[in-house]
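Chemist: Structure provided below as structure tokens; questions to follow.
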Amino acid sequence: MSGDYYKEWRAKAEVDYFPQLVVLWLSTNSWYRSHYSEITTKRDRDFLNKLRDDHSTRNKLFTRFDRLLGSAGTKDHAELISVIEALSFALNSALLLWEENKGDSVITFENCLLALNPKMYGSLVVKKRAPGIRISDTLKLTDDKSSLFNGLLEIIYQIRCHLVHGQLEPNNENHEVVKHCYRLLHLLMQI
């Protein structure tokens, strides 16, 4: 007896990006601990700061990001631009905070953690007529690739922290943010 199991199979086909981001971060974690083995602490923040500070060819994540941004007309460039736009849209739809108990510190491209000591928030978004990287008709980002890389990396890391520490509500809006963080990190980790 054959039945119509369309809905059941369709539901099973959906990708759950919550665990996928964690597994991908494990790969990233393993890579940066090996790649920057001179860092003797065990804190992820120290390695992340190294990635934010090192914009040389040694930092393979930054090098890949820079290469993708500079390769207009390629599939990988189009994918990078698409995922950045999707992540911006998802962040604007969700309500995720940079720090607990700071209701006005929402994670968006317009409110991004740019510096750590002292903490300084600012925008990756620039005005339409300013020099920058055009993502879409409504989104133009700074052409400072180092700042852009640092901001995107910090967003991915903060979303990862919310997820791993159980602070991320598993709703559809947050799933979209996690999905696009995963897509961006997956693209960068093809090193």
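Chemist: Suppose we keep only residues that are hydrophobic (A, V, I, L, M, F, W, C) and more than 22 Å from N59 (Cβ to Cβ) within the stretch 128-150. Which one would you say is surrounded by the fewest Cβ atoms within 10 Å (Cβ to Cβ)? Quick ask: steps written out before the conclusion?
Modeler: Kept after step one, since they are hydrophobic (A, V, I, L, M, F, W, C), are these residues of the stretch 128-150: 130, 133, 135, 139, 141, 148-149.
Add one more test, that the residue is more than 22 Å from N59 (Cβ to Cβ), and what stays is 130, 135, 139.
Details: A130: 10, I135: 18, L139: 19.
Looking at the filtered set, the residue picked out is A130.
Chemist: For residues in the stretch 108-127 being closer than 15 Å to Q158 by Cα and in contact with an Asp or Glu (Cβ under 9 Å, 6 or more places away or on another chain), which is surrounded by the most Cβ atoms within 10 Å (Cβ to Cβ)?
Modeler: Among those that are closer than 15 Å to Q158 by Cα and in contact with an Asp or Glu (Cβ under 9 Å, 6 or more places away or on another chain), it is C112.
One line per residue, one yes/no per condition, for (1) in contact with a Pro (Cβ under 7 Å, 6 or more places away or on another chain); (2) farther than 15 Å from I135 by Cα; (3) surrounded by 13 or more Cβ atoms within 10 Å (Cβ to Cβ):
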| position | (1), (2), (3) |
| --- | --- |
| Y32 | no, yes, yes |
| H35 | no, yes, yes |
| R45 | no, yes, no |
| H55 | no, yes, yes |
| L61 | no, yes, yes |
| T74 | no, no, no |
| L87 | no, no, yes |
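Chemist: Sticking with this one: Could you figure out which of (1) under 18 Å from Y182 (Cβ atoms); (2) surrounded by 15 or more Cβ atoms within 10 Å (Cβ to Cβ) isn't true of V23?
Modeler: (2)
Chemist: Quick check on my filter: what residues within the stretch 15-48 are hydroxyl-bearing (S, T, Y) and without any contact (Cβ under 8 Å) to a residue 12 or more places away in the chain?
Modeler: Kept after step one, since they are hydroxyl-bearing (S, T, Y), are these residues of the stretch 15-48: 17, 27-28, 30, 32, 34, 36-37, 40-41.
Result: S30, S34, S37, T40, T41.
Chemist: Same structure again: Among the candidates H186, H175, which residue alone is within 15 Å of the chain's Cα centre (by Cα), in a helix (DSSP H, G or I), farther than 17 Å from S82 by Cβ and at pLDDT 95 or above?
Modeler: Numbers: H186 fails: farther than 17 Å from S82 by Cβ.
Only one candidate passes the filter, namely H175.
Chemist: Please specify each residue of the stretch 49-62 satisfying the condition of being touching a residue at least 60 places away in the same chain (Cβ under 8 Å) and under 13 Å from K145 (Cβ atoms).
Modeler: Initial filter on the stretch 49-62 (touching a residue at least 60 places away in the same chain (Cβ under 8 Å)): 49, 51-52, 55, 60-62.
Of everything in the stretch 49-62, those that are touching a residue at least 60 places away in the same chain (Cβ under 8 Å) and under 13 Å from K145 (Cβ atoms) turn out to be R52, H55, L61, F62.
The values are calculated or read from the model by the stated rules, or taken from the named source; none is laboratory data. As the structure is a prediction and not an experimental result, all values here were calculated from the model. Note: ideal-geometry Cβ built from the backbone for every residue, glycine included; neighbour counts use all protein chains shown.
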